[in-house]
Amino acid sequence: MDADDAAAAIAGQRALVLGASGNVGACVVRHLAAAGADVRVLLRASSSTNGIDGLDIDRRYGNPFDPAAVAAAMADRDVVYYCIVDTRAELRDPAPLFATNVEGLRTVLDVAVDADLRRFVFCSTIGTVAVERGGAAVDEDTPFNWADRAGGYIQSRRQAEDLVLSYARQRALPAVVVNVSNPYGPPDWQPRQGVFVQMAALGKMSIYIRGIGSEVVGIDDAADAMVRASVRGRVGERYIVSERYMSHRELVTTAADAVGARRPRIGVPMAVIRMVAGVADAIAAVSRRDLPLSRQGAWLLEHTSPASHAKATRELGWEPQPTEHFIARAAENYLRRSRST
């Protein structure tokens, strides 16, 4: 399929986006609307719509895990983009992660198999991909090798991905999995991955973590890959969507430089972060409340490696832009928003 045919296919889509209140889901909606697609979203009444306000789309309200609400929203749609996820790796009790990321998804999949879809595009995470030491890049076929340390969040995401692929194999669901890395870019109204960028932009971060990094991607490039997967993605396949590996120091320095903030200058070893996370876990246990930093979160922060997006480039025609451009835009947006409140 050439570029003109792909553009026409996207413009002709009758799409349903689930998870449009999140940064990736909202960006998928914006890309589809800009391409001329007929876009519908299913939202809870309490969901944020900041990322999609002003767009000419069909908004439906209801529980995204209620079969009747999902079936009504999915009626007459030919492509579904599934971007719902609970990312709270810090939870002491992982039950909510499995309730949302696995059981809620299962409800939607049971409706989707009877919906006569052309594609079901599932937004997964690069966290379900293997990790290698020594600088070697992993790909979609590298066997997962850290199940013993994965924790509740990654376990729930792996089960979710396996569930989607099993529906593709066994129930003929035309599903494609997109493994998105850490996405950066505006508007990101509720930053999680973006919190370090936000803090650096606001001049509230004097440190960086030495010796660690992560795979990164621009938010618009992540959405572009999702949309491309709906047209060119092969059913039952996974696609890593990540531009490159970036050190933590480069991440926060890029954000600070974009807005003229003071660069974080003190390099803190990961051992210190692990120690602080251990103290946070002890406080969380005594206070019986979840804190943003945990040993599991610290371990996930540290446990990463370079990954190859060659398959997405080869099969989807995906060519990501340098992520530092998106980090700079995110930093500018965080600063602008802070000054307007």
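The values are calculated or read from the model by the stated rules, or taken from the named source; none is laboratory data. Remember, predicted model here, so these are calculated numbers, not experimental data. We place every Cβ from the backbone using ideal geometry, glycine too, and count neighbours over all the protein chains shown.
A few comments on the model shown:
- Counting the residues of the range 282-298 that are in a helix (DSSP H, G or I), in contact with a helix residue (DSSP H, G or I) (Cβ under 8 Å, 6 or more places away or on another chain) and either touching a residue at least 24 places away in the same chain (Cβ under 8 Å) or among the aromatic types (Phe, Trp, Tyr) (or both) gives 3.
- Qualifying residue in the range 61-68 (condition: in a strand (DSSP E or B), of a type outside the set (Gly, Ala, Ser), in contact with a strand residue (DSSP E or B) (Cβ under 7 Å, 6 or more places away or on another chain) and surrounded by fewer than 18 Cβ atoms within 10 Å (Cβ to Cβ)): yes
- Subset tally (residues that are surrounded by 24 or more Cβ atoms within 10 Å (Cβ to Cβ), more than 22 Å from GLU237 (Cβ to Cβ) and not acidic (Asp, Glu)) for the range 183-207: 6
- Of the residues in the range 206-214, not one is hydrophobic (A, V, I, L, M, F, W, C), farther than 24 Å from GLY134 by Cβ and part of a helix (DSSP H, G or I).
- Pick from the range 304-327, criterion in contact with a strand residue (DSSP E or B) (Cβ under 7 Å, 6 or more places away or on another chain) and aliphatic (A, V, I, L, M), ranking: surrounded by the most Cβ atoms within 10 Å (Cβ to Cβ): ILE327
- Within the range 260-280, being part of a helix (DSSP H, G or I) and touching a residue at least 40 places away in the same chain (Cβ under 8 Å) holds for MET270, ILE273.
Table: residues versus (1) closer than 23 Å to VAL227 by Cα; (2) buried (at least 21 other Cβ atoms within 10 Å of the Cβ); (3) at pLDDT below 95.
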| position | (1), (2), (3) |
| --- | --- |
| ARG88 | no, no, yes |
| PRO96 | no, no, no |
| CYS123 | yes, yes, no |
| GLU132 | no, no, yes |
| ALA136 | no, no, yes |
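- Yes/no for ALA72 being within 19 Å of LEU117 (Cα to Cα), in a helix (DSSP H, G or I), at pLDDT below 95 and more than 22 Å from the chain's Cα centre (by Cα): no
- So ALA280, is it more than 21 Å from the chain's Cα centre (by Cα), surrounded by 15 or more Cβ atoms within 10 Å (Cβ to Cβ) and modelled with pLDDT of 90 or more: yes
Quick grid of which residues meet (1) crowded, with 20+ Cβ neighbours inside 10 Å; (2) hydrophobic (A, V, I, L, M, F, W, C):
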{"residue": "ARG44", "(1), (2)": "no, no"}
{"residue": "GLY51", "(1), (2)": "yes, no"}
{"residue": "ILE84", "(1), (2)": "yes, yes"}
{"residue": "THR100", "(1), (2)": "no, no"}
{"residue": "ASP110", "(1), (2)": "no, no"}
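- Total residues in the range 138-154, condition among the hydrophobic types (A, V, I, L, M, F, W, C), crowded, with 16+ Cβ neighbours inside 10 Å and not in a loop (DSSP other than H, G, I, E, B): 2
- ARG169 at pLDDT 95 or above, more than 17 Å from the chain's Cα centre (by Cα) and exposed (fewer than 14 other Cβ atoms within 10 Å of the Cβ): yes
- Per-region count, the range 239-262, residues buried (at least 16 other Cβ atoms within 10 Å of the Cβ) and among the basic types (Lys, Arg): 2
- Looking only at the range 308-341, and only at residues there that are hydroxyl-bearing (Ser, Thr, Tyr) and over 26 Å from GLY260 (Cα atoms), the one that is farthest from the chain's Cα centre (by Cα): THR313
- Residue in the range 49-71 that is within 26 Å of ALA99 (Cβ to Cβ), of a type in the set (Lys, Arg) and in contact with a Gly (Cβ under 9 Å, 6 or more places away or on another chain) present: no
- Flag if VAL164 is in a strand (DSSP E or B), surrounded by 21 or more Cβ atoms within 10 Å (Cβ to Cβ) and not polar (S, T, N, Q): no
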